[in-house]
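Report on the following structure.
The values are calculated or read from the model by the stated rules, or taken from the named source; none is laboratory data. These figures come from a predicted structure and were not determined experimentally. Here the Cβ is made from the backbone with ideal geometry for all residues, glycine too, and neighbour counts use every protein chain on show. Calculation scope for accessible area: heavy atoms of the full protein, side chains included, ligands and nucleic acids excluded. Shrake-Rupley method; radii C 1.70, N 1.55, O 1.52, S 1.80 Å.
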Amino acid sequence: MDENLFPIKQIIKEELGDESSYRTWIEPLNFKDFSNNTLVLTVPNKFFGEWINDHYKGTIQACASRFLRAKDLKLNIVVEAAKNPLSNQRTENAEIRTDGNGSLTSPLFNPAYTFDTFVVGDSNQFAQAASLAVASAPGQTYNPLFIYGGVGLGKTHLLNAIGNYAIANGCVSSPQNISFISGEVFTNEVINAIRYDRMEEFRQKFRNVDILMIDDIQFIAGKERTQAEFFHTFNALYVAKKQIVVTSDKFPRDIKNLEERLRSRFEWGLIADIQPPDIETKVAILKKKSERENIHLPDEVAMFLAAKASSNIRTLEGMLTRLGAFASITGKPITIPFAKEILKGILKDTDKPVTVEDIQKIVCEHFGIRISDIKSKRRSKSLVLPRQIAMYLSRNLCKVSLADIGDKFGGKDHSTVIHAINKIEGQFDKNPHLMQTIEEIKSKIYS
Ligand code: ADP
Ligand code: MG
């Protein structure tokens with residue numbers, strides 16, 4: 001790093017105004033040199049460089065131009081040779097098979113779950129990019145990587161993709177050097193190791209790997225001995241600069257009964273979330289999967305399913321499989337009426353009329369408050385947010401006027417309702433948590 005160029009990072013940081021993207025993509029950059037109107041910067045790996053080129057080039061150029069007072073400044077992005085001698089070393093191993101395309105696969109990972117088969121949209125872009133960065137250079141970028149998101153949104157897929165990629169590209173010294181285990185199995189292994197007095201063996205197994213991936217880590221919460229073992233394994237791997245990746249259905253702070261020392265360690269690295277997919281992403285996933293499985297799925301049916309299905313991608317895939325099977329048995333083409341018929345009971349009935357009272361009831365249940373609270377004038381924090389969400393949903397899901405909504409919330413003025421709606425909409429970009437909460441409530445309303 002050329003110290004004189006360091007302030008550029010600070011300028012970019014202010015320009016981005018987003019700590020998470022800054023830490024992920026800008027902090028690891030090294031500005032090396034500026035001459036001939038060209039700024040040289042290094043990146044940890046090729047993928048990283050491509051990402052910078054596609055997403056941050058303009059910002060970096062603009063900020064650097066400002067700082068260096070240079071017009072038409074050019075960027076030269078250079079991959080800095082990996083410090084880890086293990087990376088970029090392709091290893092031969094009996095356990096590795098070569099599939100038709102000549103790429104390496106391991107029996108440990110589901111060959112269908114790769115980065116190639118993972119459809120990227122706004123909802124999962126960050127988690128996908130972070131996973132790819134980690135797979136390309138284990139232990140060198142974000143450690144630990146903590147991926148969280150709701151059920152069926154692609155967490156397990158990403159872990160498999162990391163494993164498949166790291167093996168195929170020689171980013172680990174050997175496929176055996178990756179441990180991939182669910183929180184539940186990890187817990188069972190701790191119990192067995194204790195029972196059969198094989199703790200030493202257990203420790204050896206998990207502390208000598210290049211990558212440790214634990215799926216659904218929330219499972220170990222509340223299990224004292226398992227958490228203690230994981231804690232020591234974590235530390236051993238972390239100091240040895242080995243990669244740790246965990247997934248969870250919740251943000252670390254929201255996992256109940258998780259030891260504080262683990263929670264804080266999860267926050268040391270990068271926390272990447274996966275949000276429920278938007279309609280476009282759902283359509284893209286359906287199209288990709290139907291092509292792979294030779295199911296003829298017309299665009300309008302894909303749109304229909306994406307709009308009506310819940311955000312759980314596993315459920316979405318299940319619908320497609322069911323449609324494909326029925327179409328092939330009956331020899332009928334897949335149309336919207338056909339889909340409606342076959343998927344009766346599975347599709348959300350978003351045409352169902354919803355009342356303000358329904359919404360109030362479900363929102364109150366969700367937050368554990370009383371209907372009388374939501375209608376009251378009390379302004380405690382625990383009531384204000386549920387009240388605003390309920391007003392926002394009433395406006396969006398029911399055909400009622402602002403004044404009617406105000407009436408049904410204990411006789412409030414229509415300007416109070418507008419304020420509530422603005423409050424919620426204003427947070428959409430900044431607060432993915434809130435989006436998820438609202439999606440959850442909506443799916444309860446329509447189930
Ligand atoms: P989770 O572990 O978060 O519950 P999974 O990783 O098991 O979810 O994903 C559920 C299913 O959805 C899998 O079959 C997976 O391949 C598929 N899936 C999830 N996200 C995507 C995506 N972005 N692109 C393609 N398939 C996806
Ligand atoms: Mg999973």
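Structure above, values below:
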| read-out | value |
| --- | --- |
| Answer residue from the stretch 334-368, given it is over 30 Å from the mean Cα position of the chain (by Cα), surrounded by 15 or more Cβ atoms within 10 Å (Cβ to Cβ) and among the aliphatic types (A, V, I, L, M) and is farthest from Asp407 (Cα to Cα) among those | Ile334 |
| Residue list for the stretch 132-154, filter: within 16 Å of ligand 2 (Cβ to nearest atom), farther than 18 Å from Glu27 by Cβ and in contact with a Phe, Trp or Tyr (Cβ under 8 Å, 6 or more places away or on another chain) | Tyr148, Gly154 |
| Close pairs (7 angstrom Cβ cut-off, 6 or more residues apart or separate chains): under 19 Å from Ala133 (Cβ atoms) in the stretch 241-252, in a helix (DSSP H, G or I) and open to solvent by 10 Å² or more (accessible area, probe 1.4 Å) anywhere | Ile244/Tyr238; Thr247/Lys155 |
| Filter pass, Ala302 being open to solvent by less than 10 Å² (accessible area, probe 1.4 Å), closer than 22 Å to Ala135 by Cα, within 16 Å of ligand 1 (Cβ to nearest atom) and hydrophobic (A, V, I, L, M, F, W, C) | no |
| Verdict on Lys250 being open to solvent by 70 Å² or more (accessible area, probe 1.4 Å), modelled with pLDDT under 95 and within 16 Å of ligand 1 (Cβ to nearest atom) | yes |
| Extreme residue, nearest to Leu145 (Cα to Cα), among residues of the stretch 9-27 that are open to solvent by 20 Å² or more (accessible area, probe 1.4 Å) and touching a Ser or Thr at 6+ places or on another chain (Cβ under 8 Å) | Leu16 |
| Filter pass, Ile346 being closer than 25 Å to Val151 by Cα, among the hydrophobic types (A, V, I, L, M, F, W, C) and outside any loop (DSSP other than H, G, I, E, B) | no |
| Subset of the stretch 406-428 [touching a helix residue (DSSP H, G or I) at 6+ places or on another chain (Cβ under 7 Å) and open to solvent by less than 70 Å² (accessible area, probe 1.4 Å)] | Gly406, Phe409, Gly410, Lys412, Thr416, Val417, Ile418, Ala420, Ile421, Ile424, Gln427, Phe428 |
| Residue within the stretch 111-122 that is in contact (Cβ under 8 Å) with a residue 24 or more places away in the chain, within 15 Å of ligand 1 (Cβ to nearest atom) and touching a strand residue (DSSP E or B) at 6+ places or on another chain (Cβ under 8 Å) present | yes |
| Of residues in the stretch 169-184 being open to solvent by 20 Å² or more (accessible area, probe 1.4 Å) and touching a Leu at 6+ places or on another chain (Cβ under 7 Å), the one nearest to ligand 2 (Cβ to nearest atom) | Phe180 |
| Hey, Asn110 open to solvent by less than 80 Å² (accessible area, probe 1.4 Å), part of a strand (DSSP E or B) and at pLDDT 55 or above or not | no |
| Residue, farthest from Thr117 (Cα to Cα), within the stretch 135-151, restricted to residues that are among the small types (Gly, Ala, Ser) and open to solvent by less than 10 Å² (accessible area, probe 1.4 Å) | Ala137 |
| Counted residues, the stretch 306-330 - those being open to solvent by 10 Å² or more (accessible area, probe 1.4 Å), assigned to a helix (DSSP H, G or I), within 16 Å of ligand 1 (Cβ to nearest atom) and closer than 16 Å to Tyr446 by Cα | 1 |
| Some residue of the stretch 379-389 being under 30 Å from Ile285 (Cα atoms), open to solvent by 50 Å² or more (accessible area, probe 1.4 Å) and at pLDDT below 95 | no |
| Residues of the stretch 28-39 satisfying the condition of being touching a strand residue (DSSP E or B) at 6+ places or on another chain (Cβ under 9 Å) and open to solvent by 30 Å² or more (accessible area, probe 1.4 Å) | Pro28, Asn30, Lys32, Asp33, Phe34, Asn36, Asn37, Thr38 |
| Criterion: over 27 Å from the mean Cα position of the chain (by Cα) and more than 21 Å from Lys444 (Cα to Cα) - qualifying residue of Lys408, Lys412, Lys423 | Lys412 |
| Answer residue from the stretch 42-63, given it is at pLDDT 90 or above and among the aliphatic types (A, V, I, L, M) and is surrounded by the fewest Cβ atoms within 10 Å (Cβ to Cβ) among those | Ala62 |
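One line per residue, one yes/no per condition, for (1) small (Gly, Ala, Ser); (2) not in a helix (DSSP H, G or I):
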position: Arg379; (1), (2): no, yes
position: Val384; (1), (2): no, no
position: Arg387; (1), (2): no, no
position: Lys399; (1), (2): no, yes
position: Ala403; (1), (2): yes, no
position: Thr416; (1), (2): no, no
position: Ala420; (1), (2): yes, no
position: Thr437; (1), (2): no, no
